[in-house]
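Engineer: Pasting in a structure now, in structure tokens, and then I'll have a few things to ask.
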Amino acid sequence: MKNHPIKVSIIVPVYNAGKYLQTCLNSLIEQTLKEIEIIVVLDKPTDGSDEVVKHFAQKDLRIKIIENEINLRTGLSRNKGMDCAVGEYIGFCDHDDFCLPEMFEHLYYKAINDHLDICGCNYIRKIEAGNKEIECRCSDESDKNKGITEIIRCHEDGIIFVWNHIYRAELIRENKINFVNSANMISEDVIFSLQTHFFARTAGNIDDYLYCHIWYPQSTGAGHAYFSTKNTIVYLEHLYFLLSEYKLLNNSNKEAYVECTARRLYTSFHRSLKQLTLKGTLKNIYLMRQSAVIKKNIPFKYLLKLLCKKPTAALLLFLVKLFTVNRL
């Protein structure tokens, strides 16, 4: 490796990855692009994942290990990985996912040949319950304005995730881009994607499915603690202030933000009904009511539009916008 510069630094935060970790690490060390470094950030795992990583590191010197003193969650762990990355580009992989062998080679040479700051690919969403596989196409990132609107809208597919992209390292460093703390805010990928695409001069895609995202009941993104109403509100407020700072609140982006707000609040409400008491659900509605940003961005015309498609969501947003809960 001394004779070859590092082309891509791949950052992998690891907590309790369980049975998925070996598949993940094997997919990285078997990449056809050999000039890589694999930065594993051990986030105080308790299931023996640290021993698995150290075993792999003994076999492959491209694996670098960072050990957190306390559990920092995904966002801050990725920041620690970026701080020590030396690659020309930076990529990410979740500890329970895996990459096809040619992923980083194809992304890197597409980025180099087309002079791209950001390059993404399609991915497969594998849902373990029912053994389903869904092909998810990455939105066209060559049109910057449309790309940013898609990030704000934040559909499950599209361009909001970081693990199916690589980013020019200098783009991140020059603009001081970091991940938010995912202990108190959801969708750290969206905030990072918005910032990188805002500052990027060029972005593009490969029309291949090169990443596999595993979805199972115990994954972080499926838990109520991560998707709590409080974390959701913090995210929606942070996103709005960021859009204001970047002067991105034109008509299409404002509409995308309203759609995102409605969907996120309804998802939080629906999870509350399933996992909390009625009193806990009412408290969550009260939290929504306390956010001036949220109340401002739920226009009545949108409620009327939503009423025909999803009456329960329209009713929730109507309650959030109109009625104050004085005491629970």
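Engineer: Can you tell me which residue among TYR89, TYR109 is touching a residue at least 24 places away in the same chain (Cβ under 8 Å) and not charged (D, E, K, R)? Before the answer, list the steps.
Structural biologist: Working: TYR109 fails: touching a residue at least 24 places away in the same chain (Cβ under 8 Å).
Checking each option against the conditions leaves just TYR89.
Engineer: Is there any pair linking a residue in segment 238-267 that is touching a residue at least 60 places away in the same chain (Cβ under 8 Å) to one that is of a type in the set (D, E, K, R), with Cβ under 7 Å and at least six apart or on different chains, and which?
Structural biologist: That search, which allows pairs on different chains as well, returns ALA256/ARG153; GLU259/ARG153; CYS260/ARG153.
Engineer: Taking segment 115-127 on its own, how many of its residues are surrounded by 13 or more Cβ atoms within 10 Å (Cβ to Cβ) and out of contact with any helix residue (DSSP H, G or I) (no Cβ under 8 Å at 6 or more places or on another chain)?
Structural biologist: 6
Engineer: Looking only at segment 250-291, filter to residues that are surrounded by 16 or more Cβ atoms within 10 Å (Cβ to Cβ) and in a loop (DSSP other than H, G, I, E, B); which one of those is nearest to the chain's Cα centre (by Cα)?
Structural biologist: So, considering only residues that are surrounded by 16 or more Cβ atoms within 10 Å (Cβ to Cβ) and in a loop (DSSP other than H, G, I, E, B), the one nearest to the chain's Cα centre (by Cα) is SER291.
Engineer: Output the strands (runs of 3 or more DSSP E) that fall wholly within segment 115-194 and possess 2 or more residues being in contact with an Asp or Glu (Cβ under 8 Å, 6 or more places away or on another chain), modelled with pLDDT of 95 or more and over 21 Å from ASN205 (Cα atoms), or say none. I'd like the intermediate steps shown before the answer.
Structural biologist: Values: elements: 118-127, 132-136, 165-168.
Per the criteria, no element qualifies.
Engineer: Return only the number of the condition from (1) more than 25 Å from ASN16 (Cβ to Cβ); (2) surrounded by 22 or more Cβ atoms within 10 Å (Cβ to Cβ); (3) modelled with pLDDT of 95 or more; (4) charged (D, E, K, R) that ASP96 does not satisfy.
Structural biologist: The one condition ASP96 does not meet is (1).
Engineer: I've got another one for you. Scan segment 1-18 for residues that are more than 21 Å from SER77 (Cα to Cα) and either hydroxyl-bearing (Ser, Thr, Tyr) or out of contact with any strand residue (DSSP E or B) (no Cβ under 9 Å at 6 or more places or on another chain) (or both) and report the count.
Structural biologist: Qualifying residue count for the region: 4.
Engineer: Does GLU37 satisfy the criteria of being under 23 Å from PHE179 (Cα atoms), among the acidic types (Asp, Glu) and more than 21 Å from the chain's Cα centre (by Cα)?
Structural biologist: Spelling it out, GLU37 is indeed under 23 Å from PHE179 (Cα atoms), among the acidic types (Asp, Glu) and more than 21 Å from the chain's Cα centre (by Cα).
Engineer: Looking only at segment 52-91, filter to residues that are in contact with a Phe, Trp or Tyr (Cβ under 8 Å, 6 or more places away or on another chain) and among the polar types (S, T, N, Q); which one of those is surrounded by the fewest Cβ atoms within 10 Å (Cβ to Cβ)?
Structural biologist: Top of the filtered list is ASN71.
The values are calculated or read from the model by the stated rules, or taken from the named source; none is laboratory data. Keep in mind that this is a model prediction, so the values were computed, not measured. With ideal geometry, Cβ positions are generated from the backbone for all residues, glycine too; neighbour counts draw on all protein chains shown.
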